[in-house]
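Comments concern the structure below.
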Amino acid sequence: MQQLWIFSMFLLLLLGLSILHFLKQLHLLRKCPPGPLPLPLIGISWQTGFRLTPKLLIQLAKRYGNIYTLLVWNLPIIVLSGYKAVKHGLVSHSEDLSERVETPFLRAVSKGKGIILSNGHTWKQQRQFSILTMRKLGLGRTGIESQIQEEASRLVETFAYANGQPLDPSLPVTNAFFNLIAILVFGYRFSLEDENFRKLIEGLSFSSKFVGSFFHVLYELLPWLMRHIPGPHQATLSHIKFIYDLAKEEIEKHKENQSLHEPRDFIDYYLFQLKRSKDDPNNTYDEDNLAECIVDFFIAGTETSAISLQWALLFITNHPDVQDKVYKEIQGVCSSGLICYRDRKKLPYTNAVIHELQRIHYVLSFGIARRCKKDVNILGFYIPKGSIIVPDLRSVLLDPMHWETPEKFNPNHFLDKDGHFVAREEFLPFGAGARVCLGEQMARMEIFLIFTSLLRNFRFQLPEGVKQLREDPISGLTVHPHSFKVCAIPRHNSL
């Protein structure tokens, strides 16, 4: 009888705490934008499940408006959806929303170092140094462009070696983009057979699939427990550490063979800056920040661009009419010699196709979250200090208010009535404001030069017996295609 009484009291206490927590959540929501009502114990999972997918975010925007709140535990997450809301948040409130979210898992990953996940003076100094150094290494000039052209030529050779037989393009494509970062940072490239390359790619892929998963959410809610039990969270941290340790090894090699008067790559420039600033008490230059910057370059600069090109190859294989039109335009303008980035101005349809592919097959589930530095007002909605802000960049690229056929592939989105290419301010795959992707220019060059090189040299066809490649995506942090194979048939007049 006494045990039953104790159990009843425990249930009453649990119920009371749940009601208090529920009332606290309702109080938090009073001034926030509308959103799903959190229920006791299960929160908003009754409507959202345990994973926020790109499709779900767009559905929630249709129901609650372009600025809505998702209350997770006692933390309001404000989602900005559609071009108007995202631009107002990221541009008009650029500084207010410039901080990254600091969560237990993200702290375990980066410890507040580097560029992507750092804040304050560390972020500003590391980002500014990286931008200036990339320019010194040739970004925006012929230096980087010639390296991209060389990597594109290597990729053409790899595809040609398949001799028209079914080929999975994912690994060689990823290797090409990976090597462009490796050359920039380390000063050398990796072969497809290199064990470190294989481990790095495996780690990047595994980590992108882990972010946003059920185990990731558990880690954020129960870090004290998750640190001590096995699971995919431990594997992800191990993969990230492998990249970090490799960066540290390269830093030591560069220190042993340092040529400060003639820096060759990002590590050389950073070590020179570290030595020059050692007496400045306000500098954030140290080897830990350097290693984390390197990790950031590989995470941000490899998989996203590689996935964009994989989607492009998949799509043009499924749509030979688009492929033929692109090839015809390229041959009419660049029938011989290397294709240069400035040639995009002579290839309006090709340029429009590339942009439209990046729009319709955006590679992230949504924009990387920010944290609100102070109370702000966005389009009439009060956003409290400390709120997590998620700019849904995918919703911008699919905004029916700004795209004629948002759900369909349509190069005319980027062409005027005379067939000239038109840049669109609604095209924001790289973000906007203070946190806009610092590698945007390099990514644009890479995708244009590699895509056009492949299309000029090959006609991509479906393998025998395959009627169509799957165009439905697999969603994690990135949105990538299912594994597929294509036949790259050499165009003998260009090889």
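The values are calculated or read from the model by the stated rules, or taken from the named source; none is laboratory data. Keep in mind the model is a prediction, meaning the values are calculated, not measured. Cβ placement follows ideal geometry from the backbone for every residue including glycine, while neighbour counts extend to all protein chains displayed. SASA here: full protein model, heavy atoms, side chains in, ligands and nucleic acids out. Shrake-Rupley method; radii C 1.70, N 1.55, O 1.52, S 1.80 Å.
Among residues of region 439-468 that are more than 17 Å from Asp343 (Cβ to Cβ), those with a Cβ under 6 angstrom from a residue that is polar (S, T, N, Q) and open to solvent by 20 Å² or more (accessible area, probe 1.4 Å), sequence gap 6+ or separate chain, pair up as Gln468/Asn318.
Specify which of the listed residues (Leu180, Leu218) is within 18 Å of Ile148 (Cβ to Cβ), in contact with a Gly (Cβ under 9 Å, 6 or more places away or on another chain) and aliphatic (A, V, I, L, M). Step by step, each of Leu180, Leu218 is checked, and only Leu180 is within 18 Å of Ile148 (Cβ to Cβ), in contact with a Gly (Cβ under 9 Å, 6 or more places away or on another chain) and aliphatic (A, V, I, L, M). Checking Ile243, Ile316 one by one, the residue that is of a type in the set (A, V, I, L, M) and in contact with a Gly (Cβ under 9 Å, 6 or more places away or on another chain) is Ile243 and no other.
The rows are residues; the columns are (1) part of a loop (DSSP other than H, G, I, E, B); (2) of a type outside the set (Lys, Arg); (3) surrounded by 17 or more Cβ atoms within 10 Å (Cβ to Cβ).
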| residue | (1), (2), (3) |
| --- | --- |
| Trp224 | no, yes, no |
| Ala235 | no, yes, no |
| Leu246 | no, yes, yes |
| Glu252 | no, yes, no |
| Lys255 | no, no, no |
| Glu262 | yes, yes, no |
| Lys275 | no, no, no |
| Asn282 | yes, yes, no |
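Conditions (1) within 25 Å of His121 (Cα to Cα); (2) touching an Asp or Glu at 6+ places or on another chain (Cβ under 6 Å); (3) of a type outside the set (Asp, Glu), marked per residue:
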residue: Ile229; (1), (2), (3): no, no, yes
residue: Leu237; (1), (2), (3): no, no, yes
residue: Ile240; (1), (2), (3): yes, no, yes
residue: Lys253; (1), (2), (3): no, no, yes
residue: Gln258; (1), (2), (3): no, no, yes
residue: Asp265; (1), (2), (3): yes, no, no
residue: Phe272; (1), (2), (3): yes, no, yes
residue: Pro281; (1), (2), (3): yes, no, yes
residue: Tyr285; (1), (2), (3): yes, no, yes
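I want to confirm something. Restricting to region 340-393 and keeping residues that are of a type in the set (D, E, K, R) and part of a strand (DSSP E or B), which single residue is most open to solvent (accessible area, probe 1.4 Å)? Going through the qualifying residues, I end up with Arg371.
Pairs linking a residue in region 336-347 that is modelled with pLDDT of 90 or more to a residue that is in a loop (DSSP other than H, G, I, E, B) and of a type in the set (A, V, I, L, M, F, W, C), with Cβ atoms under 7 Å and 6 or more positions apart or on different chains, are Asp343/Cys334. Have a look at Glu464, Glu446 and point out the one that is open to solvent by less than 30 Å² (accessible area, probe 1.4 Å), among the acidic types (Asp, Glu) and over 30 Å from Lys373 (Cβ atoms). So the residue among Glu464, Glu446 that is open to solvent by less than 30 Å² (accessible area, probe 1.4 Å), among the acidic types (Asp, Glu) and over 30 Å from Lys373 (Cβ atoms) is Glu446. If you go through region 355-377 one residue at a time, do you hit one that is farther than 18 Å from Ala432 by Cα and hydroxyl-bearing (Ser, Thr, Tyr)? Checked region 355-377: no residue is farther than 18 Å from Ala432 by Cα and hydroxyl-bearing (Ser, Thr, Tyr).
The set of residues from region 394-429 being open to solvent by less than 30 Å² (accessible area, probe 1.4 Å) and among the aromatic types (Phe, Trp, Tyr) comprises Trp403, Phe414, Phe427.
In region 186-214, of all residues being touching a residue at least 40 places away in the same chain (Cβ under 8 Å) and over 19 Å from the mean Cα position of the chain (by Cα), the one that is farthest from Pro232 (Cα to Cα) corresponds to Gly187.
Flag set for Ser483, criterion: part of a loop (DSSP other than H, G, I, E, B) and of a type in the set (S, T, N, Q). Here is the figure for region 305-339: residues that are in contact with a Cys (Cβ under 9 Å, 6 or more places away or on another chain) and surrounded by fewer than 23 Cβ atoms within 10 Å (Cβ to Cβ) total 1. Helices (runs of 4 or more DSSP H) fully within region 41-97 that include at least 2 residues being crowded, with 18+ Cβ neighbours inside 10 Å and at pLDDT below 90: 54-64. Looking across region 138-180, the residues that are among the aliphatic types (A, V, I, L, M) and open to solvent by 10 Å² or more (accessible area, probe 1.4 Å) come down to Leu139, Val156, Ala160, Ala162, Leu167, Leu171. When residues in region 164-203 are screened for being among the charged types (D, E, K, R) and part of a helix (DSSP H, G or I), 4 of them pass. The residues of region 193-213 that are open to solvent by 50 Å² or more (accessible area, probe 1.4 Å) and either touching a Pro at 6+ places or on another chain (Cβ under 9 Å) or at positive phi (or both), listed by number, are Phe206, Lys209. One residue stands out in region 364-417 among those that are closer than 27 Å to Thr302 by Cα and of a type in the set (Gly, Ala, Ser): the one that is modelled with the highest pLDDT, namely Ser395. With the structure loaded, tell me whether Val217 is touching a residue at least 24 places away in the same chain (Cβ under 8 Å), out of contact with any helix residue (DSSP H, G or I) (no Cβ under 6 Å at 6 or more places or on another chain), part of a helix (DSSP H, G or I) and of a type in the set (Val, Ile, Thr) or whether it fails that test. For Val217, the condition - touching a residue at least 24 places away in the same chain (Cβ under 8 Å), out of contact with any helix residue (DSSP H, G or I) (no Cβ under 6 Å at 6 or more places or on another chain), part of a helix (DSSP H, G or I) and of a type in the set (Val, Ile, Thr) - is met.
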